[in-house]
Amino acid sequence: MSAKSLLIAACALAALASPAIAQAPFLDGDDGAYILAQAGDNHARTIDRERAEAASDEVRALVFSPEFIMENRRAIALSERQRDQMIADLQRLQGQLTAQQLRMEDAREALIAAMRAHPAVEASVLAALDEVLTIEREVKRLQLRALLRLRDSLTPTQRARLTELRDGD
């Protein structure tokens with residue numbers, strides 16, 4: 001996987017893991033444009049984003065985004081073995097998230113169709129909503145699992161150094 005592809009995958013995970021994205025499940029948007037825009041961010045913006053997310057979310061403060069890890073790989077002396085494992089994990093996650101995205105599009109379309117009915121059949125709308133929420137739950141579970149695996153693949157020294165870099169200590 002090229003460095004650019006890895007960064008895009010890392011940004012995708014970071015974007016999907018951010019609380020702001022999680023709170024806007026029904027918005028239509030161009031996630032690809034968002035991800036590509038983030039891939040061009042400079043290091044200072046990555047640190048600022050990491051700090052803001054850690055400050056606003058206690059769970060998020062316990063993990064590090066793949067983008068942040070990779071941008072600081074030299075500072076934390078990330079080994080080739082660790083990097084290769086992270087790349088493999090991110091590639092696997094990217095495939096899983098793509099499949100979930102397709103499921104989500106279908107589920108959203110079904111929800112919208114059910115809501116457009118006049119009169120709306122409440123049971124149908126709620127069943128369609130349940131499907132959307134189920135997929136969102138599965139996505140969040142995949143995201144947290146990936147973030148935990150990334151964090152746990154780091155040594156205590158590497159985690160401490162990333163915390164110092166993020167917190168500005």
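The numbers here are math on the coordinates, done by the rules we state, and not lab data. Note that the structure is predicted; figures quoted are calculated from it, not measured.
Some points to look at:
- Each residue of region 47-63 was assigned a 3J(HN,Hα) from its phi angle through the Karplus expression (A = 6.51, B = -1.76, C = 1.60, θ = phi - 60°), giving 4, 4, 5, 4, 5, 5, 5, 5, 6, 9, 8, 4, 5, 4, 5, 8, 9 Hz with x at Gly and Pro.
- Share of pairwise Cα-Cα distances greater than 14 Å in region 83-169 is 73 percent (whole percent).
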